[in-house]
Amino acid sequence: FGQVVTGYLSTLILSLGCVYSARYMHNVLLHGTLRWPMEMFDITPLGRIVNRFSKDVDTIDNTLPLNLRVVILQLFAVLA
């Protein structure tokens with residue numbers, strides 16, 4: 001029973017942490033993008049900006065949880 005509860009809590013904490021980090025990164029990216037000079041939007045195509053923005057958010061949404069899970073599992077394997 002304890003292993004199930006611990007597994008559930010670790011998954012919940014990891015998921016909430018990833019949601020928080022994705023929200024934080026999105027806000028930082030949006031704030032930085034909105035602070036660009038207007039000439040940057042004239043030079044750079046809008047599709048390139050959106051593509052880069054979505055690529056960074058996708059990396060946080062998909063790669064970060066997997067890597068954090070691997071790090072946590074390896075840490076517990078070393079401690080055990």
Highest GNM mean-square fluctuation, the chain, Cα pairs closer than 10 Å: which of 68, 34, 16? 34
Listed residues 64, 46, 29, most fluctuating in the chain (Gaussian network, C-alpha, under 10 Å): 46
Pick from 43, 60, 13 the residue whose mean-square fluctuation is largest in a GNM of the chain, springs joining Cα atoms under 10 Å. 43
Tell me what the chain gives for mean residue ellipticity at 222 nm when only DSSP H runs of n ≥ 4 count, each as -39,500 (n - 2.57), the sum divided by the residue total, rounded to 500 deg cm²/dmol. -28500 deg cm²/dmol
Given Cβ point charges of +1 (Lys, Arg) and -1 (Asp, Glu) and nothing else, what value in debye, to the nearest 20, does the dipole of region 2-79 about its Cα centre take? 100 debye
Here the net charge surrounding residue 24, from other residues whose Cβ is less than 15 Å away from its Cβ (Lys, Arg +1; Asp, Glu -1), is -1
HN-Hα couplings for region 14-22 via Karplus (6.51, -1.76, 1.60; θ = phi - 60°), in whole Hz with x for Gly/Pro, come out as 5, 5, 5, x, 5, 5, 4, 5, 5
If I model a spin label at residue 19 and residue 69 as a point 7 Å from the Cα along the Cα→Cβ vector, what separation in nanometres do I get? 1.7 nm
Stokes-Einstein D for region 2-79 (20 °C, 1.002 mPa s, Kirkwood Rh from Cα pairs), in µm²/s, comes to 144 µm²/s
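All of the numbers you see were taken from the coordinates with simple rules; none came from a lab. All values derive from a computational prediction rather than experimental measurement. Reconstructed Cβ throughout: ideal geometry from the backbone, glycine too, with neighbour counts over all protein chains shown.
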